[in-house]
Amino acid sequence: MSGSSTSVYLKEYVRGTPLREDHFELRQDALRPLADGEALLETLCLSVDPYLRGCMTGMSNYYIPQLDLGAPVHSLGVARIADSRLPGYAAGELVVGNIDWATRSVLDTGTLAKRLVGGGTLRRLDAAEGHPSRYLGVLGQTGITAFFGIVAAARVREDETIVVSAAAGAVGSVAGQIAKILGARVIGLASSPEKRSVLIERLGFDAALDYRSATLADDLRSVVPKGPDIYFDNVGGPVSQAVMSTMRRSARVIECGQISSYDDQDGGWTVDIRPIHARGLVFQSFTPSHFAEFQPAALAQLRHWLDAGRIVALETVHRGIESAPAALVDLFRGGNLGKAVVQLYQ
């Protein structure tokens with residue numbers, strides 16, 4: 001094996017300020033010969049996710065490990081095995097796992113096991129799969145996050161009303177559709193008229209509101225006079241304070257993410273509990289790892305809904321490894337519709 005790979009590195013940890021493209025750099029890395037227990041991966045597509053921001057702060061007390069400045073950025077991705085000395089894996093196989101932001105990379109099981117997001121393994125896919133990026137979206141971590149958030153954490157019931165923030169994003173768009181399948185009335189919050197139109201016309205949401213509205217609480221009361229039963233929170237901050245102030249007593253807040261706070265100096269995740277206390281709300285957080293033993297069943301159900309046309313997979317595609325830094329920056333500006341991915345294949 002010889003040649004090189006183009007990789008994306010984080011140049012410095014960033015806290016208290018928004019990410020910029022110049023916080024990253026592209027490098028040409030030489031590829032070394034494979035040792036026993038290693039495989040050479042050719043990257044097909046990479047997942048661009050909000051949790052990565054917290055891995056770039058340098059904070060030792062964040063809930064998942066920080067990225068190493070001396071190694072490429074890594075996230076979930078789909079790759080084809082170009083060569084293998086890794087027992088149980090053969091050249092030509094398609095796999096999904098937590099891989100480097102690189103055109104090609106050498107991966108061993110020890111490194112993979114340390115990467116908590118993705119379960120520390122490589123999962124085989126159908127080698128003829130025509131839409132590999134779906135295993136980063138509806139059929140991957142994004143889909144199971146939405147599934148367990150709605151089915152297991154929120155326990156949505158028929159005729160309940162649920163408000164979903166970041167509803168046109170990766171998790172929010174799937175979560176809202178699952179809630180509709182379960183018979184709920186779904187109100188989505190999104191930034192632009194175009195996104196709100198997609199929520200109603202393509203995804204079947206019952207209503208969509210502008211989360212940037214100065215009268216968001218009043219806007220919500222106009223469509224849900226008695227208050228929502230459930231709030232599926234992806235954003236935190238002032239938007240969530242406004243939503244929680246309208247909720248009926250003992251309603252449920254399902255905390256999935258706090259993306260509006262990730263640039264804070266302290267790393268974010270700070271929640272003002274005053275509306276929770278005042279209205280007697282039930283606040284529950286979760287991660288997909290809490291339901292790890294049930295993930296195969298969840299993925300089977302998601303596959304059925306996708307194949308049956310009951311879930312629409314929204315996707316924003318950025319092309320080429322050099323687009324990865326801009327894709328992550330764009331995510332925090334709300335530039336994505338559905339799942340954001342970096343595609344390296346033609």
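The values are calculated or read from the model by the stated rules, or taken from the named source; none is laboratory data. Every value quoted in this text rests on a predicted model; they were computed, and no experiment measured them. Heads up, the Cβs are rebuilt from the backbone with ideal geometry, glycines too, and the neighbour counts pull from every protein chain shown. Each accessible area value is taken on the protein alone, full model and side chains, heavy atoms only, with ligands, DNA and RNA left out. Shrake-Rupley method; radii C 1.70, N 1.55, O 1.52, S 1.80 Å.
Structure above, values below:
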item	result
Whole-percent carbon and sulfur share, accessible surface of region 243-289, 1.4 Å	53 percent
Extension gain, Arg85 back to Asp36 (0.36 nm per residue minus Cα-Cα distance, nm)	17.1 nm
Cα-centre dipole for the chain with unit charges at Cβ (Lys and Arg positive, Asp and Glu negative), debye to 20	760 debye
Pair Ala308, Asp266: separation of 7 Å Cα→Cβ label points (nm)	4.5 nm
Under 5 Å, built H, 5+ apart or other chain: amide partners of Arg319	Gln343
³J(HN,Hα), Karplus 6.51/-1.76/1.60, whole Hz, each residue of region 213-230, x for Gly, Pro	4, 5, 10, 4, 4, 5, 4, 5, 4, 5, 9, 9, x, 8, x, x, 7, 9
DSSP-loop GluC sites (Glu not before Pro) across region 110-215, with at most 15 other Cβ within 10 angstrom	Glu129, Glu158
Under DSSP loop assignment and at most 12 Cβ neighbours within 10 Å, longest chymotrypsin sites (Phe, Trp or Tyr not before Pro)-free interval of the chain	64-344
Over the chain, relative contact order from alpha-carbon pairs under 8 Å, at least 6 apart, %	19 percent
Dipole-positive endmost among Ile99, Tyr63, Leu199 within the chain (Cβ charges, Cα centre)	Leu199
Average accessible area per residue (Å²) across the chain - probe 1.4 Å, nucleic acids and ligands excluded	43 Å²
Helix-derived mean residue ellipticity, 222 nm - over the chain, DSSP H n ≥ 4, -39500 (n - 2.57), to 500	-6500 deg cm²/dmol
Pairs of lysines in the chain (C-alpha under 27 Å apart; 8 or more residues apart or interchain)	8
Inter-probe distance in nm under a simple model that places probes 7 Å from Cα toward Cβ, at Leu26 and Glu293	4.7 nm
Charge dipole of the chain about the Cα centre (unit charges at C-beta), most positive-ward option of Thr145, Ala326, Phe24	Thr145
Computed over region 62-178, the ratio Rg/Rh where both radii use C-alpha atoms and Rh is Kirkwood	1.04
Residue (of His131, Tyr211, Thr121) at the positive-pole extreme of region 121-234, dipole from beta-carbon charges	Thr121
Neighbour net charge for Gly188 - beta-carbon separation under 14 angstrom, K R +1, D E -1	0
Size of electric dipole in region 74-181: Cβ of Lys, Arg +1 and of Asp, Glu -1, about Cα centre, debye, nearest 20	180 debye
Calculated FRET value between Asn61 and His277, using beta carbons and R₀ = 30 Å, to 0.05	0.70
